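Worksheet: one structure, shown below.
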Amino acid sequence: MSDLPVALLKERPEDFVVEEIPAYAPSGAGGHVYVRFTKTDRTTLDAVRMIARALSCDPRAAGFAGMKDRRAVTTQTMSLEVPRGIDPVDLVRRAQALSLEGITVHEAALHGNKLKPGHLAGNRFAIVLRNVAADRVAEVTGVLARVGAEGVPNAFGAQRFGASGDNAKRALAWLRGQERPPRDPRIQRLLWSSLQSEVYNAVLARRVGDGSWTTALEGDLLKVRASGGLFVCADVQTDRARAASGEVSATGPIIGARMRWPSGEPEAIERSVASTVLGDDFDLGKTRSLGEGSRRALRLWVEGLRWEVGEPSNRNPVGNASTCIRVYFVLPKGAYATTVLGAAATIQEPSEAGPAREEAGDAQDPANGQREDET
């Protein structure tokens with residue numbers, strides 16, 4: 001059991017504020033309307049449906065870059081396909097004037113293409129951690145300071161694996177022919193992403209265990225922090241210095257039929273882990289329609305991390321003096337706020353007795369409660 005201080009997350013929606021950082025601005029012309037909105041205590045899917053239906057657009061043709069948590073105040077962008085026979089400019093005006101319960105529309109503009117998953121630069125967070133024991137606040141802020149300076153292991157959170165934690169197991173069962181696959185291709189992709197995440201997390205755990213997650217091994221595929229470019233580690237001394245400075249990071253596998261493998265020791269680790277998780281005879285060719293695979297940095301750097309400590313009170317459930325900590329930071333797409341916060345505290349939610357499984361900034365998905373990662 002963790003000996004970290006306990007903190008309560010999402011006691012109220014405004015304790016968890018997320019702002020999606022767009023990858024680009026709408027061009028002002030085209031057959032899709034980009035709508036920037038803030039929702040409170042609603043899932044992304046619910047908000048998208050409400051906005052689409054209020055404007056007489058097809059919700060199935062709507063797009064969004066990433067799903068956001070329900071119990072939160074979140075700002076994001078969606079796209080609507082302009083229906084045939086409808087004046088695009090008039091649809092923009094109606095979207096700008098839209099008023100719905102729990103949803104505030106900030107702006108609307110035309111663009112040439114549908115907004116797709118991953119079309120975002122990152123997310124900006126303002127999160128309140130409540131009921132932190134007053135005598136342990138310094139522990140939490142001390143770890144946050146270290147995280148801001150050194151980063152954290154870039155793990156997928158528990159919510160990646162579904163409400164029951166068995167999405168990876170379900171994916172493996174149907175991919176190995178032991179069960180029928182889900183009918184919905186989107187659910188198939190979400191279950192497969194859970195299995196990919198399980199392989200990645202296991203590789204990351206191995207690298208954390210041997211201390212190599214922050215450095216470079218010969219044969220590693222290194223990702224440049226600024227550009228996202230990949231290259232093979234051949235000059236270990238030089239690349240270790242670059243890794244120490246945060247310029248580059250070793251990567252782990254988002255496994256797929258066409259994923260690029262490292263070489264040397266990193267490849268041996270990844271193939272060993274993949275064999276353990278998937279089985280020796282697993283055919284990656286069967287997953288080709290689910291995605292080609294990619295690489296994910298092992299180290300997560302947190303931008304602009306700062307915090308404010310509130311005044312102590314006596315609201316701790318066990319009667320001890322407690323306080324709240326408001327934490328601010330920015331993460332790149334695909335990263336998890338709970339990964340950052342979980343390094344400093346054992347995160348709980350009002351309805352839970354154990355660690356939180358909700359994700360910072362991700363919303364409920366039909367695949368057994370899974371939330372779609374913003375990649």
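Read-outs: derived from the displayed coordinates by stated rules, not from any lab. Just so we're clear, the structure is a prediction, and the values are computed from it rather than from any experiment. Cβ: placed from backbone, ideal geometry, glycine included. Neighbour counts: every protein chain shown.
When only the Cβ of Lys, Arg, Asp and Glu is charged (+1, +1, -1, -1), the dipole of the stretch 55-129 relative to its Cα centre reaches about 240 debye. Across the options Val35, Cys57, Leu45, the greatest Cα extent toward the positive end of the charge dipole of the stretch 1-57 (unit charges at beta carbon of Lys, Arg, Asp, Glu) belongs to Cys57. Each residue of the stretch 164-176 was assigned a 3J(HN,Hα) from its phi angle through the Karplus curve 6.51 cos²θ - 1.76 cosθ + 1.60 (θ = phi - 60°); the sequence is 9, x, 10, 5, 5, 4, 5, 4, 4, 5, 7, 6, 8 Hz, with glycine and proline shown as x. Between Asp135 and Asp210, take the C-beta separation as r, use R0 = 45 Å, and let me know the FRET efficiency to the nearest 0.05. After rounding to 0.05, the efficiency reads 0.85. Multiplying the residue separation of Arg94 and Ala226 by 0.36 nm and subtracting their alpha-carbon distance yields 43.6 nm.
Each Lys or Arg adds one and each Asp or Glu takes one away; over the other residues whose Cβ falls under 13 Å from the Cβ of Lys39, this sums to -1.
May I ask you to work out the translational diffusion coefficient for the stretch 163-300 at 37 °C, viscosity 0.692 mPa s, via Stokes-Einstein with Rh from the Kirkwood sum over Cα pairs, reported in whole µm²/s?
210 µm²/s
I'd like to know which of Val73, Val199, Gly285 lies farthest towards the positive end of the charge dipole of the chain, counting +1 on Cβ of Lys and Arg and -1 on Cβ of Asp and Glu. Value: Gly285. Between the listed residues Gly118, Gly229, Thr251, the Cα displaced farthest toward the positive end of the dipole of the chain, a dipole computed from Cβ unit charges relative to the Cα centre, is found at Gly118. Within the chain, the longest segment free of exposed loop sites, counting GluC sites (Glu not before Pro) that fall outside DSSP classes H, G, I, E and B and have at most 14 other Cβ atoms within 10 Å, spans 1-100.
Expressed as a whole percent, the proportion of Cα-Cα pairs in the chain lying more than 38 Å apart is 22%. Within 10 Å, at most 13 other Cβ atoms, and a DSSP state outside H, G, I, E, B define an exposed site. Report the longest part of the chain free of exposed trypsin sites (Lys or Arg not before Pro). Result for the longest clean stretch: 259-375. If you take the Cα centroid of the stretch 178-236 and the Cα centroid of the stretch 91-158, the two points sit 23 Å apart. Ignoring lysines fewer than eight residues from Lys68 along the same chain, the ones with Cα atoms less than 18 angstrom from its Cα are Lys10, Lys39, Lys116, Lys333. Taking θ as phi - 60° and the Karplus parameters 6.51, -1.76 and 1.60, the scalar couplings of the stretch 103-117 work out to 9, 10, 8, 9, 7, 8, 7, 7, 8, x, 9, 5, 6, 10, x Hz in sequence order, x denoting glycine and proline. Among Thr346, Thr276, the ranking by other beta carbons within 10 Å of each residue's beta carbon, starting with the fewest, stands as Thr276, Thr346.
With contributions of -39500 (n - 2.57) from each DSSP H run of at least four residues, the per-residue ellipticity at 222 nm computed over the chain stands at -8500 deg cm²/dmol.
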